[in-house]
Amino acid sequence: MKCVAIKGQKSLGLSSMDAPKSKNGSVIIDVKKAGICGSDIHYWDAGLPEGLVMGHEFCGTVTDPGSRKDLKVGDRVTALPISPCGKCPSCLSGNPQYCPDTWNEAVGLSLTNPGAFAESTSLRQDLVIKVPSNITDAEVAMVEPTAVGLHAVHLANIQIGDKVLVIGAGIIGDICAMFAKMSGASYVAISETNEKRGKKSVSLKCADEYFNAKNETFMNDVRRECPFGYDVVIDCSGNSVAVSSALACVRPNGTVVMVGVSMDSITIPSVLLVMHELKVLGAVGYTIDEFKECINLMASRKIDMLKFVDDIVGLDDVQSAFKRLTSGEDNAVKILVDPKK
């Protein structure tokens, strides 16, 4: 079957591999839609591991239900793409994102478990979730990143009336801003170096105001509405400048949630963290309940995730889609892949 694999640094190419077969009860799906994630971009940027078939945000129809007696051929599903052990304290508490095994064989993030940038893929049976018929394939492919944003906002513990700054107007930043508003924030600002993306966040009503992080007056501009600092800052960028800005923009005893990941070491002004007694939290993945909650939010039409989808491309155009998302000059935040297109 056809797939797209990492060929080298910033290089993806069409490839082929054997179609997956059910193993140890796994569920096989025909991929309908798959999303390009920021973590995929990290792998693409590094060009490693070579041969990796990415794609951990997806919707598909069951072609082999494996050991799942409650599934049948043709059912539409998605799945948590992780590989938790199911036995450790984290797994037993419903927090598989903390399990030391959770990324070892994650779908689309490991060479042992090829992802959804392919015509079909194999899913661990206990992590597969049937989805309601009133959610489109494209929406289902958005469940995973939506859960990432929801988890970050839950950690932020936003109170009614809080003022929130989100750093980074990519898809996760936009989702965090959306959920911050839904949590009762009275004002949500977003900062971004890509002006087109920043303005788009405002036009999509995720944020109330956009600030260009490249402007020399940025620190004065972003604090105009909050001269004593924001109650919560959510960083979806991860680089040194962004994290330093987060620490500088949050109020004393405020909360910074770090969602963005840097592949390199970063430096921060720790004096701000200490002198202002800041609460700095890392956010990774989501709980099982949060993943399911996002499906329910879509099904009940409490959130509209299709507004974030900029394009749907076939396997032939995945490389171009990655270039578009990393150009710094395009307003696109989410591109989906349709292996049959």
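Helix 143-156 against the longest principal axis of the chain: what's the angle in degrees, Cα atoms only, rounded to the nearest 10? Long axis of 143-156 versus the principal axis of the chain: about 30 degrees. Within the accessible surface of the chain, defined with a 1.4 Å probe on protein heavy atoms only, the carbon and sulfur portion equals 52 percent.
When only the Cβ of Lys, Arg, Asp and Glu is charged (+1, +1, -1, -1), the dipole of the chain relative to its Cα centre reaches about 500 debye. Considering only Thr121, Thr267, Thr193, the Gaussian network model of the chain with Cα springs below 10 Å gives its largest mean-square fluctuation to Thr267. Extension gain, Ser133-Glu105: 0.36 nm per intervening residue step, less the Cα-Cα distance, totals 7.2 nm. Tell me the net charge near Asp221. Cut-off is 15 Å between Cβ atoms, Asp221 excluded, with +1 for each Lys or Arg and -1 for each Asp or Glu. Summing Lys/Arg as +1 and Asp/Glu as -1 gives -1.
Shown are His56, His42, whose ranking by accessible area with a 1.4 Å probe and every protein chain present, most to least, is His42, His56.
If you take all other residues with their beta carbon under 12 Å from the beta carbon of Gly60, and give Lys and Arg +1 and Asp and Glu -1, the sum is -2.
For the chain, modelled as a GNM with alpha-carbon contacts under 10 angstrom, which of Ser237, Ser110, Ser203 fluctuates the most? Comparing Ser237, Ser110, Ser203 in a Gaussian network model of the chain, the most mobile one is Ser203.
Sort Tyr98, Tyr210 by accessible area with a 1.4 Å probe, largest first.
Tyr98, Tyr210
Per-residue Karplus couplings for region 78-85, computed as 6.51 cos²θ - 1.76 cosθ + 1.60 with θ equal to phi - 60°, are listed in order as 9, 6, 5, x, 9, 9, x, 6 Hz, Gly and Pro entered as x. Expressed to the nearest 5 percent, the antiparallel share of DSSP beta bridges inside the chain is 50 percent.
Projecting the Cα positions of Val166, Gly108, Val256 onto the charge dipole of the chain (unit charges on Cβ atoms of Lys, Arg, Asp and Glu, taken about the Cα centre) puts Gly108 furthest along the positive direction.
For the pair Thr267 and Glu216, label points projected 7 Å from Cα toward Cβ lie 2.3 nm apart. Which pairs, out of Lys32/Lys334; Lys2/Lys32; Lys32/Lys205; Lys33/Lys334, put more than 19 Å between their alpha-carbon atoms? Cα-Cα > 19 Å for Lys32/Lys205; rest within.
Only one residue of Val222, Ser201, Gly238 has its Cα farthest out toward the positive end of the dipole of region 195-242, where Lys and Arg carry +1 and Asp and Glu -1 on Cβ, and that residue is Ser201. The Cα center of region 290-329 and the Cα center of region 1-72 differ in position by 16 Å.
Other residues whose C-beta falls under 12 angstrom from the C-beta of Leu111 contribute a net charge of -2, scoring Lys and Arg +1 and Asp and Glu -1.
Surface exposure of the chain, expressed per residue as accessible area with a 1.4 Å probe, stands at 43 Å². Here is how the number arises for the chain: DSSP H runs of 4 or more residues each give -39500 (n - 2.57), the sum is divided by the residue count, and the result at 222 nm is -7500 deg cm²/dmol. Annotation: amide H-H contacts under 5 Å for Gly13 (H modelled 1.01 Å from N, sequence separation of 5 or more, or interchain): Ala5, Lys7. For region 1-135, a crude dipole built from +1 on the beta carbon of Lys and Arg and -1 on the beta carbon of Asp and Glu, taken about the Cα centre, is about 300 debye to the nearest 20.
The values are calculated or read from the model by the stated rules, or taken from the named source; none is laboratory data. Since the model is a prediction, treat every value here as computed from it, not as a measurement. Here Cβ is always computed from backbone atoms with ideal geometry, including for glycine, and neighbour counts include all displayed protein chains. In case anyone asks, the SASA skips ligands and DNA or RNA and just uses the protein heavy atoms, side chains included. Shrake-Rupley method; radii C 1.70, N 1.55, O 1.52, S 1.80 Å.
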